[in-house]
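Undergrad: Before anything else, here's the structure in question.
The values are calculated or read from the model by the stated rules, or taken from the named source; none is laboratory data. In this text the structure is predicted, and so the values were computed from the model without any measurement. Cβ atoms come from the backbone with ideal geometry, glycine included; neighbour counts cover every protein chain shown. These accessible areas exclude ligands, DNA and RNA; they are computed on the full protein's heavy atoms, side chains included. Shrake-Rupley method; radii C 1.70, N 1.55, O 1.52, S 1.80 Å.
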Amino acid sequence: DTGVSQDPRHKITKRGQNVTFRCDPISEHNRLYWYRQTLGQGPEFLTYFQNEAQLEKSRLLSDRFSAERPKGSFSTLEIQRTEQGDSAMYLCASKLRQGSSYEQYFGPGTRLTVT
Amino acid sequence: GNSVTQMEGPVTLSEEAFLTINCTYTATGYPSLFWYVQYPGEGLQLLLKATKADDKGSNKGFEATYRKETTSFHLEKGSVQVSDSAVYFCALSAPGDGTDKLIFGTGTRLQVFP
């Protein structure tokens, strides 16, 4: 399978715990995006990387959230001290390079439930 | 700011019926416009796109035309199938900021019955 993969697919955690999600983009895609989707809403942009550089972060991304993309390959999204409001589907997408001619390919998402 | 508004669902149709899902946008300049589809249990997939005014995107029998004058990008299909049941998202990518990030509408669930 050469698509975008995400791990885990589901995560249940207790409030206050830390969680980390992983995204493996399509090989050679230099752009990687994180989105969050809550129930009944469309995905909302969180942050993106070009290679290993994190170039923009949404105001939705509080200080408890951190994302990395070491060596410009896979990416991780960590949430510290989780809150119930963090419960959502976290989506990762990648694209080959900048420009509207290039499609963003989405992974299946990680569903987070904070109890 | 940039935003997308799409009709609320669910939209319930019988097989072979005509489908329209309305989408309007607010953006400065000339955004690129997209329709994504999410089948049950699967990730978002690009259905079609248009990058400039009057362009028509088409795929799998679905069509949408970029209308600058009405800031719309309505999705249409002449004859839906049960297999088209999914959630459809309209999205835009704003020009000029270089991020290519997508701004989505809230999604419209389509249910097609035999």
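Undergrad: If you place +1 on the Cβ of every Lys and Arg, -1 on the Cβ of every Asp and Glu, and leave all else neutral, what size is the dipole of chain B about its Cα centre, to the nearest 20 Debye?
TA: Details: 9 positive and 12 negative charges, 38 e Å.
The calculated dipole for chain B is roughly 180 debye.
Undergrad: Under 19 Å from a point placed 7 Å out from the Cα of A:SER100 along the Cα-to-Cβ direction: which residues of the stretch B:43-64 have their backbone N that close?
TA: Within reach of a label on A:SER100, which here means backbone N under 19 Å from a point 7 Å along Cα→Cβ, the stretch B:43-64 contributes B:46-59, B:63-64.
Undergrad: Could you pull out every residue, at least 5 positions away or on a different chain, whose amide H is within less than 5 Å of the one on B:SER85? Hs are placed 1.01 Å off N in the peptide plane, and Pro or chain starts have none.
TA: The list, which skips near neighbours in sequence, is B:VAL112.
Undergrad: Another question about this same structure. If you roll a 1.4 angstrom probe over the protein chains with everything in place, what fraction of the accessible area of chain B belongs to carbon and sulfur, to the nearest %?
TA: On the way: 2510 of 5200 Å².
Roughly 48 percent, rounded to a whole number.
Undergrad: Could you state how much accessible area A:GLU83 has, in square angstrom rounded to the nearest 10, with a 1.4 Å probe and all protein chains kept in place?
TA: A:GLU83 has an accessible surface of roughly 90 Å² with all protein chains in place.
Undergrad: If you take the accessible area of A alone plus B alone and subtract the pair, what total do you get in square angstrom, rounded to 100, with a 1.4 Å probe? Mind dumping the intermediate values first?
TA: On the way: alone 6820 and 6040 Å², together 11270 Å².
When A and B are taken together, about 1600 Å² of accessible area is lost.
Undergrad: What residues qualify as long-range amide H neighbours of B:GLY9, i.e. H under 5 Å apart, gap of 5 or more or another chain, H built at 1.01 Å from N?
TA: Result for B:GLY9 returns B:ARG109.
Undergrad: List, by residue number, every residue in the stretch B:99-113 with a reduction of 20 Å² or greater in accessible area between the chain on its own and the complete protein assembly, 1.4 Å probe.
TA: B:THR99, B:ASP100, B:LYS101, B:LEU102, B:PHE104, B:THR106
Undergrad: When the Karplus curve 6.51 cos²θ - 1.76 cosθ + 1.60 is applied with θ = phi - 60°, which whole-Hz ³J(HN,Hα) does each residue of the stretch B:81-93 get, with x for Gly and Pro?
TA: 10, 4, 5, 7, 4, 4, 9, 10, 10, 8, 8, 10, 10
Undergrad: Also, quick follow-up: For the stretch A:89-100, what does the Karplus curve 6.51 cos²θ - 1.76 cosθ + 1.60, with θ = phi - 60°, yield as ³J(HN,Hα) per residue in whole Hz, taken in order and with x for Gly and Pro?
TA: 9, 9, 10, 10, 9, 9, 9, 4, 6, 4, x, 5
Undergrad: Could you order A:MET89, B:MET7 so the one with the most accessible surface comes first? Probe is 1.4 Å.
TA: Numbers: A:MET89 30, B:MET7 65 Å².
Descending accessible area places them as B:MET7, A:MET89.
Undergrad: Sticking with this structure for a sec: Whenever you get a sec, line up A:ILE12, A:ILE79, B:ILE103 from highest to lowest accessible area (probe 1.4 Å, protein heavy atoms). Display every interim value, and only then the final one.
TA: Details: A:ILE12 125, A:ILE79 0, B:ILE103 45 Å².
The most accessible residue leads, giving A:ILE12, B:ILE103, A:ILE79.
Undergrad: Per residue of A:96-105, how many C-beta atoms from partner chains lie within 10 Å of its own C-beta, taken as a mean?
TA: Numbers: counts 0, 1, 3, 5, 11, 3, 1, 4, 9, 4.
What the average comes to for A:96-105 is 4.
Undergrad: Tell me the accessible surface of A:GLU52 in square angstrom (1.4 angstrom probe, heavy atoms of protein chains only), to the nearest ten.
TA: Approximately 110 Å² for this residue.
Undergrad: With a 1.4 Å probe and all protein chains in place, put A:HIS10, A:HIS29, B:HIS74 in order of accessible area, largest first.
TA: On the way: A:HIS10 135, A:HIS29 20, B:HIS74 65 Å².
The ranking, largest first, comes out as A:HIS10, B:HIS74, A:HIS29.
Undergrad: Moving on. Please get the size of the charge dipole for chain A, origin at its Cα centre, with Cβ charges of +1 on Lys and Arg and -1 on Asp and Glu, quoted in debye to the nearest 20.
TA: 260
Undergrad: Report B:CYS23's accessible area, 1.4 Å probe, all protein chains in place, as a number in Å² to the nearest 10.
TA: Estimated to the nearest 10 Å², B:CYS23 gives 0 Å².
Undergrad: Give me the 1.4 Å probe accessible area per residue for the stretch A:38-115, excluding ligands and nucleic acids, in Å².
TA: For the stretch A:38-115, the per-residue accessible area is 50 Å².
Undergrad: If exposed trypsin sites (Lys or Arg not before Pro) are those in a DSSP loop with at most 14 other Cβ within 10 Å, what is the longest stretch of chain A that has none? Mind dumping the intermediate values first?
TA: Details: sites that count: A:ARG9, A:LYS14, A:ARG15, A:ARG59, A:ARG64, A:ARG81, A:ARG97.
Between exposed loop sites, the widest span is A:16-58.
Undergrad: Right, another one. Calculate the spin-label point distance for A:ASP63 paired with A:LEU39, positioning each point 7 Å from the Cα along the beta-carbon direction, and give it in nanometres.
TA: Here the answer is 3.1 nm between the modelled labels.
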